[in-house]
Amino acid sequence: ILKIIDEVEELKKEPFDNLLKIIELLELSMRKISKLFSYSNMKRDEDSRISKYQKMALEIDMLYTKLSTSFSFFQPFILSLSDEKLNEINTDVRFEPYRKHIDRILRYKKHTLSEKEETILSKVGEMASDSSNNFYMLSYADMKFPKLEKDNTVLTHANYTDKMSSSDRELRKEAFDKMYGTYDKYKNTFGSTLYNNIRNLVIEANLRGYNSAREMELYDDAINTNVYDNLIYIVHKYLDYLYDYYKIRERLLNIDETHMYDVYANVVNGYDKEIPYEEAQEIVLKAVEPMGAEYVSIMKKAFKENWIDVYPREGKKSGAYSGGCYDSSPYILLNYTDNLESVFTLIHELGHSIHSYYSRENNDFLYSNYTIFVAEVASTFNELLLLNYLIENSKDDREKIYLINHYLNSYKSTVFRQTMFAEFERETHKLVEEGNALTQEDFSEIYYNLNKKYFGPDVVIDKEIELEWARIPHFYRNFYVYKYATGFLCATILSQQVLSNKPNALNNYLNFLKDGSNNYPLVQLRKAGCDMEDMDNLDKAFKVFVDLVKDFDNLTSK
């Protein structure tokens, strides 16, 4: 890589004459650095106590920065080319493998400013980054939460979710009150931080000639804002069925009225069966049988060739992810703990890994990475296959109730909640674009009213919840959360097509997994069988939700 950097320094003295060689070196260097990234990060995550790999990961980060700096001229140079020069490239067959890559850079020509203006904008970008950094420092370093009297533990970000799912209502209420009581002390700072983040984004979008900040953030994936608006519209259409689900939960919790500290409480007993890893392998292989022999064989390959670091151990990174690079097998970091949630995590990460396997096997390096917009489709698709398999093979109503509730909770948290966040982003950015300066009072009022809309007339919307916006880190990732909802809906539609043996559904889905980044996400999904711009198509995903609510009501009323 260091040799490539030296070579590029010479080549860029005559960039047009050396353009083909520069692009080839760009591809080669990115391929090599991704291999180094994968190795160093995975070795570090195996055992964080080994300083050798921490140091290695930092060194690779520094090397990547050096490499990026070396190639930083490339995109501005492509954007500066005249039509005559671009025509030369387009008629030169040697550039054929890179034409799509160049065209994607050229999409940004109308939104690229002069060198001087770009320098100024980069400073604005630094200020936006400061907003995000300030949020994280305030949230995770400076804020201190009180002790809970009910269970004699100190409240933290990490344990708040467990407190809110507890069967002890007094504990839930105390945790809820003290969480937002703490945020109340910092609300003005959080309000200023979020407003500055939004304002900086709006300024950049305006200077670059976008119609809105939202349009700018969706531009990279070639997603039009109608897709975003359609998501919010279709979710509103089915809110009554979400309200029904909350009424069923209220009945199961045996409470007179549901408060905001009740909406995450467990309403069914846990699926407490122990599931050893060997059994989990058998379960997930059974669950994906509708995917056909080839897909099953790749999953078996993952087990046989040890793609997966299975069990937790001291020093190992927590959680789970799918990694690897173009020149390696996909690898999975897992922390398997012999329960059903671990089985879901296993099949979720296998969904990512098999998607990566197909993408890398069927594409050149430059087009082998799929977008985040479609990434969650493949993993959620697998989770839904598992849910379908487990529900169909459940031994009694208790198991079925637990599994259906799991499914409904996924809709609640991934579709409805993330869409509420997406609507909050749409409304707040629109207000700033109209020239309004927003304070914490404005954010709180908007957020409180959205909670009233999304939780419905039968849930008590406690005033404290108006400050939840201050807790959400994704609001600093700018129009990101809607992808969780669209991914879940697409996975629902596509999995239903495969499970019902719709003609060509399986083949279309496998081709989607193989496409890498050859096409933009909306085109990929349309070819797979999920048109995100077709409202009738989106209805199909919510009809599954409606049926599940009815089944849940019937089963829990026996």
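The values are calculated or read from the model by the stated rules, or taken from the named source; none is laboratory data. A quick note: this is a predicted structure, and the numbers were derived from the prediction, not measured. Glycine gets a Cβ as well: all are built from the backbone with ideal geometry, and neighbour counts include every protein chain shown.
Miscellaneous remarks
- Against the numbered list (1) more than 19 Å from Arg172 (Cβ to Cβ); (2) modelled with pLDDT of 95 or more; (3) surrounded by 14 or more Cβ atoms within 10 Å (Cβ to Cβ), Ser297 comes up short only at (3).
- Scanning the stretch 1-52 for residues that are β-branched (Val, Ile, Thr) and part of a helix (DSSP H, G or I) yields Ile4, Ile5, Val8, Ile22, Ile23, Ile33.
- Candidates are the residues of the stretch 532-558 that are acidic (Asp, Glu) and under 23 Å from Val498 (Cβ atoms); the one that is farthest from the chain's Cα centre (by Cα) is Asp551.
- For Gly435, the test of being small (Gly, Ala, Ser), closer than 29 Å to Asp221 by Cα and surrounded by fewer than 19 Cβ atoms within 10 Å (Cβ to Cβ) is passed.
- Flag if Ser129 is farther than 30 Å from Ile89 by Cβ and exposed (fewer than 15 other Cβ atoms within 10 Å of the Cβ): yes
- Residue within the stretch 304-314 that is under 30 Å from Ser500 (Cβ atoms) and either part of a loop (DSSP other than H, G, I, E, B) or under 24 Å from the mean Cα position of the chain (by Cα) (or both) present: no
- Whenever a residue of the stretch 273-290 is among the acidic types (Asp, Glu), its partners that are at pLDDT 95 or above and not in a loop (DSSP other than H, G, I, E, B), lying with C-beta atoms within less than 8 angstrom and at least six residues away or across chains, give the pairs Glu289/Val296.
- The stretch 132-163 - residue that is under 23 Å from the mean Cα position of the chain (by Cα) and among the aliphatic types (A, V, I, L, M) and, of those, surrounded by the fewest Cβ atoms within 10 Å (Cβ to Cβ): Ala158
- Number of positions in the stretch 278-334 that are out of contact with any strand residue (DSSP E or B) (no Cβ under 9 Å at 6 or more places or on another chain), of a type in the set (Lys, Arg) and over 13 Å from Ile347 (Cβ atoms): 4
- Qualifying residues in the stretch 74-125 (those that are of a type in the set (Gly, Ala, Ser) and under 27 Å from the mean Cα position of the chain (by Cα)) - the one farthest from Val202 (Cα to Cα): Ser122
- Residue in the stretch 349-356 that is surrounded by fewer than 21 Cβ atoms within 10 Å (Cβ to Cβ) and either closer than 15 Å to Lys301 by Cβ or not hydrophobic (A, V, I, L, M, F, W, C) (or both) present: no
- Filter result (under 26 Å from Glu118 (Cβ atoms) and among the hydroxyl-bearing types (Ser, Thr, Tyr)) within the stretch 176-225: Thr193, Tyr195, Tyr210, Ser212, Tyr219, Thr225
- Test: residue in the stretch 122-141 that is of a type in the set (D, E, K, R), free of Cβ contacts under 8 Å to residues at least 40 places away in the same chain and over 29 Å from Glu433 (Cβ atoms): no
- Flag if Gln496 is assigned to a helix (DSSP H, G or I), more than 19 Å from Ile354 (Cβ to Cβ) and in contact (Cβ under 8 Å) with a residue 40 or more places away in the chain: yes
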